[in-house]
Amino acid sequence: MTDTEPTTPADPETEHRTEPLLRIEHVVKSYGDERVLEGVSLEIDRGDVEVLVGPSGSGKSTLLRCLNRLTEVDSGRIFLGDLEVTGDTDPNEIRQQIGMVFQDINLFAHLTARENVTLGLKQVRGMSEAEARERADAELARVGLADQADSYPAQLSGGQKQRVGIARALAMDPEVMLFDEPTSALDPELSNEVLAVMRELVEEGMTMVVVTHEMRFARGAASRISFLEDGEIVERGPPDRMFDDPTHERTKQFFESIRHD
Ligand SMILES: Nc1ncnc2c1ncn2[C@@H]1O[C@H](COP(=O)(O)OP(=O)(O)O)[C@@H](O)[C@H]1O
Ligand SMILES: [Mg+2]
């Protein structure tokens with residue numbers, strides 16, 4: 001088309017695409033007297049996987065929750081492309097575009113796997129029963145649960161429940177997926193089936209922010225690892241450098257401590 005013409009001004013569409021998809025600018029959050037996020041800034045490109053690591057209480061979950069407005073920031077701004085997450089936008093709109101998967105698998109016990117996925121599609125997206133059902137079944141198949149659509153949570157393993165949670169978030173067709181220790185409550189075997197689904201999402205080019213202690217996943221899948229401590233990003237870099245040659249003493253100590261777990 002016109003890209004080859006030297007006189008054509010820069011295409012705003014193309015220019016826009018080179019910008020980070022998620023921009024976190026100086027986010028501060030306190031609970032009472034405790035500053036939990038001390039002015040966190042982070043830019044994440046489309047298709048990248050940001051893994052957040054750090055000691056318990058360092059603010060990882062709070063940061064994720066700010067990203068989809070489960071928690072309101074005190075100051076600072078967060079953007080998803082042109083959409084200001086911290087602005088006036090309806091939080092439901094944001095949560096469709098930024099899906100989240102939690103450690104504690106919060107499915108409705110009285111609904112089947114399929115119904116857990118169709119609920120949001122009908123209530124938030126306004127889909128008909130038939131449309132929602134088709135969509136839910138496709139997403140359940142995507143996470144390897146085509147044959148469990150009619151099962152209730154009590155009939156599913158922890159790993160299967162977590163995969164229903166992922167299908168539920170994916171059904172909204174989000175731009176970004178947030179994962180907060182999605183395998184921490186699971187036995188290793190069940191963790192692996194969840195991690196396999198997450199790796200597939202990475203391969204499909206999903207933009208992801210992942211809090212995890214699964215260091216093999218982090219090393220293999222992360223574009224960048226951020227090490228948080230006391231509400232600050234102490235160090236950030238590509239996984240190999242963060243693991244093998246961290247600059248900061250605290251990062252070094254952290255990776256050494258988890259290696260000996
Ligand atoms: N809703 C809340 N009310 C009060 N304090 C909170 C709340 N959520 C988190 N905190 C505190 O904020 C700090 C950071 O917590 P969190 O973001 O959960 O850390 P992490 O996920 O890294 O373990 C902790 O000291 C925690 O006790
Ligand atoms: Mg946490």
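Any read-out appearing in this document is the output of simple, stated calculations on the displayed coordinates, not a laboratory observation. Small disclaimer: the values here were computed from a predicted structure and weren't measured. Quick reminder, even Gly has a Cβ in these numbers, built from the backbone with ideal geometry, and neighbours come from all protein chains shown.
Tell me the label-point distance for the pair Arg241, Arg46, using the 7 Å Cα-to-Cβ offset, in nm and rounded to one decimal.
Calculated label separation equals 2.5 nm.
Using R₀ = 35 Å, calculate the FRET efficiency as 1/(1 + (r/R₀)^6) where r is the Cβ-Cβ separation of Gln155 and Arg199; round to 0.05.
Details: r = 26 Å, r/R0 = 0.74.
It comes out at approximately 0.85.
Gly54's amide H: which non-local residues (gap 5+, or another chain) put their own amide H closer than 5 Å, with H modeled 1.01 Å from N in plane and none for Pro or chain starts?
Residues meeting the amide H criterion: Leu228.
What is the spin-label model distance, in nm, from Arg219 to Asp33 if the labels are put 7 Å beyond Cα along the C-beta direction?
4.3 nm
What distance in nm lies between label points placed 7 Å from Cα along the C-beta direction at Arg250 and Glu134?
Each label point is offset 7 Å from its Cα along the Cβ direction, giving 5.2 nm.
What are the semi-axes of the equivalent ellipsoid for the chain, taken as the square roots of 5 times the Cα gyration tensor eigenvalues, largest first, in whole Å? Please list the in-between numbers first.
Numbers: eigenvalues 169, 131, 73 Å².
For the chain, the semi-axes come out at 29, 26, 19 Å.
Just the projected area, averaged over all directions, of the convex hull on the alpha carbon atoms of the range 39-98: how many nm²?
Numbers: hull surface 18.0 nm².
So the mean shadow area of the Cα hull is 4.5 nm².
Using the Cα centre as the reference, give the magnitude of the dipole from point charges on the C-beta atoms of the range 113-261 (Lys, Arg: +1; Asp, Glu: -1; all else neutral), rounded to the nearest 20 debye.
On the way: 18 positive and 29 negative charges, 40 e Å.
So the dipole magnitude of the range 113-261 works out to roughly 200 debye.
Just name one of Leu67, Leu170, Ile233: the one whose Cα is farthest towards the positive end of the charge dipole of the chain (beta-carbon charges, Lys/Arg +1, Asp/Glu -1).
So the residue we want is Leu170.
Using a cut-off of 9 Å between beta-carbons, work out the net charge of the residues near Met172 (Lys and Arg +1, Asp and Glu -1, Met172 not included).
Values: positive: Arg95, Arg125, Arg168; negative: Asp173.
For residues surrounding Met172, the net value is +2.
Report the charge-dipole magnitude of the chain in Debye, nearest 20, computed about the Cα centre from +1 at each Lys and Arg Cβ and -1 at each Asp and Glu Cβ. Walk me through the numbers before you get to the answer.
Values: 28 positive and 51 negative charges, 136 e Å.
Its charge dipole is roughly 660 debye.
Where in the chain is the longest stretch that carries no trypsin sites (Lys or Arg not before Pro) classed as loop by DSSP and with at most 16 other Cβ atoms within 10 Å?
Details: sites that count: Arg46, Arg125.
Maximal segment without exposed cleavage sites: 126-261.
Considering only DSSP states other than H, G, I, E and B, which GluC sites (Glu not before Pro) in the range 130-238 qualify as loop sites with at most 10 other Cβ atoms within 10 Å? Walk me through the intermediate numbers first.
Working: sites: Glu131, Glu134, Glu139, Glu175, Glu189, Glu193, Glu200, Glu203, Glu204, Glu214, Glu229, Glu232, Glu235; in loops: Glu175, Glu204, Glu214.
In loop regions of the range 130-238 (DSSP not H, G, I, E or B), the sparsely surrounded GluC sites (Glu not before Pro) are Glu204.
With a sphere of radius 13 Å drawn around the Cβ of Thr183, what net charge do the other residues whose Cβ falls strictly inside it have (Lys, Arg +1; Asp, Glu -1)? Each step should come with its number before you reach the end.
Details: positive: Lys161, Arg163, Arg199, Arg216; negative: Asp104, Asp180, Glu181, Asp187, Glu189, Glu193, Glu214.
With Lys, Arg at +1 and Asp, Glu at -1, the net is -3.
What chymotrypsin sites (Phe, Trp or Tyr not before Pro) does the range 64-153 have in DSSP loop regions with at most 16 other beta carbons within 10 Å? Working shown, then result.
Numbers: sites: Phe79, Phe102, Phe108; in loops: Phe102, Phe108.
Filter output for the range 64-153: Phe108.
Above 23 angstrom, tally the Cα pairs of the range 24-129 and express them as a % of all pairs, no decimals.
Details: 2090 of 5565 pairs.
The answer is 38 percent, as a whole percent.
Apply the Debye scattering formula to the range 141-204, with a single equal point scatterer on each alpha-carbon and no solvent, then give log10 I(q)/I(0) at q = 0.13, 0.20 Å⁻¹.
Listed by q, the Debye log ratios stand at -0.32, -0.79.
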